[in-house]
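Reviewing the structure listed below.
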Amino acid sequence: MKTKIKICGIIRNSYARAAANSGADYIGVIVDINESPRNISLEKAEEIIKSSPIPTVVLLEKDINDTIKTTSFLNPYAIQLIGEYSPADIQHLKKVLNCKIWKTISIPKTGADKEAYQSLLKLINNYKNAGTDAIILDTQVAKKKGGTGQTCDWDTAEKIGEAIDIPLFLAGGINPENVCDAVRKVRPYGIDLSSGVEKAPAQKDPEKILELVNNIRTIK
């Protein structure tokens, strides 16, 4: 099975088209995360989503009612939840939303000890049992919930991938130069990146997107 590719932080229709034309599987739009340079309005997100085949919406610790309202308005393929959403929240959202629910989990930049690893596995399985459709592993960085642009501990990510039974995306510091090493090491269901295919913050580079996709597709 080929590795799925999600290009996140899309702020323009032209970037969504560049991702689709390159062969990427998903795009991600970031809504109401004001600290992100890739944050866009609800109206702009709606415009981009309508022009994309499989869009996802990234949300950070929104109130459950606001999460439902935003998701119902945008009607994406999936929502990606970052931060303090509990398994109980996921259960509730699964009952009322007609889309996939993905959850970001932060893991250390360097090796997790046995206790931390077991805690991560328990957490992921709790989210899976609550109805989560996919897990995104991103890098644990102080005061940041996601979109770190820094690589996580691939050894721990590899172990997690082998131990769980749920689609796993690898995020954090992935770019055209290291994507093949990341995929060969972790063997994730998919990769999720943003800054790794940019020429400036939030400014996607179509050539980098195409290079990344072409590099992944060489992996046997």
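The values are calculated or read from the model by the stated rules, or taken from the named source; none is laboratory data. Computed from a predicted model, the values in this text were never measured in an experiment. Please note: Cβ atoms are built from the backbone with ideal geometry, for glycine as well, and neighbour counts cover all protein chains shown.
A few remarks follow.
- With respect to being more than 24 Å from ILE5 (Cα to Cα) and modelled with pLDDT of 95 or more, ALA88 fits the description.
- The residue list LYS69, LYS62 contains one member that is of a type in the set (Lys, Arg) and at pLDDT below 95, which is LYS62.
- When segment 77-92 is filtered for residues that are over 15 Å from ILE33 (Cβ atoms) and in contact with a Ser or Thr (Cβ under 9 Å, 6 or more places away or on another chain), the ones remaining, listed by number, are TYR77, ALA78, PRO87, ASP89, ILE90.
- Looking across segment 159-169, the residues that are under 19 Å from LYS6 (Cα atoms) and of a type outside the set (A, V, I, L, M) come down to GLY161, PRO167, PHE169.
- Residue pairs whose Cβ atoms lie under 7 Å apart, sitting 6 or more positions apart in sequence or on different chains, and linking a residue in segment 20-45 that is closer than 18 Å to PHE73 by Cβ and touching a residue at least 24 places away in the same chain (Cβ under 8 Å) to a partner that is of a type outside the set (Val, Ile, Thr) and part of a loop (DSSP other than H, G, I, E, B), are ILE27/SER52; GLY28/CYS8; GLY28/GLY9; ILE30/GLY9; ILE30/SER36; ILE30/ARG38; ASP32/LYS62.
- Pick from segment 14-53, criterion within 20 Å of ILE68 (Cβ to Cβ) and of a type in the set (Asp, Glu), ranking: surrounded by the fewest Cβ atoms within 10 Å (Cβ to Cβ): GLU43
- Each residue in segment 172-203 was checked for being touching a Lys or Arg at 6+ places or on another chain (Cβ under 8 Å) and either under 19 Å from ASN13 (Cβ atoms) or not in a strand (DSSP E or B) (or both), and 10 pass.
- If only residues of segment 102-136 that are modelled with pLDDT of 95 or more, touching a strand residue (DSSP E or B) at 6+ places or on another chain (Cβ under 6 Å) and of a type in the set (A, V, I, L, M) are counted, the one that is nearest to GLY173 (Cα to Cα) is ILE136.
- For segment 47-88, a residue qualifies if it is touching a helix residue (DSSP H, G or I) at 6+ places or on another chain (Cβ under 6 Å) and of a type in the set (Ser, Thr, Tyr), and the qualifying residues are SER51, SER52.
- Flag if TYR85 is closer than 21 Å to GLY172 by Cα, in a loop (DSSP other than H, G, I, E, B), in contact with a strand residue (DSSP E or B) (Cβ under 8 Å, 6 or more places away or on another chain) and not aliphatic (A, V, I, L, M): yes
- Scanning segment 2-13 for residues that are touching a helix residue (DSSP H, G or I) at 6+ places or on another chain (Cβ under 8 Å) and not in a loop (DSSP other than H, G, I, E, B), we see that the one that is surrounded by the fewest Cβ atoms within 10 Å (Cβ to Cβ) is ASN13.
- Any pair with Cβ under 6 angstrom, 6 or more apart, that starts in segment 156-180 at a residue that is in contact (Cβ under 8 Å) with a residue 40 or more places away in the chain and closer than 19 Å to VAL58 by Cα and ends at one that is of a type in the set (Asp, Glu) and buried (at least 16 other Cβ atoms within 10 Å of the Cβ): PHE169/ASP192; ALA171/ASP138; ALA171/ASP192
- Residue ID - farthest from LEU193 (Cα to Cα), chosen from residues in segment 59-75 that are surrounded by 17 or more Cβ atoms within 10 Å (Cβ to Cβ) and either acidic (Asp, Glu) or in contact (Cβ under 8 Å) with a residue 40 or more places away in the chain (or both): LEU74
- Residue satisfying all of: in segment 89-107; in a helix (DSSP H, G or I) and out of contact with any helix residue (DSSP H, G or I) (no Cβ under 7 Å at 6 or more places or on another chain); surrounded by the fewest Cβ atoms within 10 Å (Cβ to Cβ) among these: LYS95
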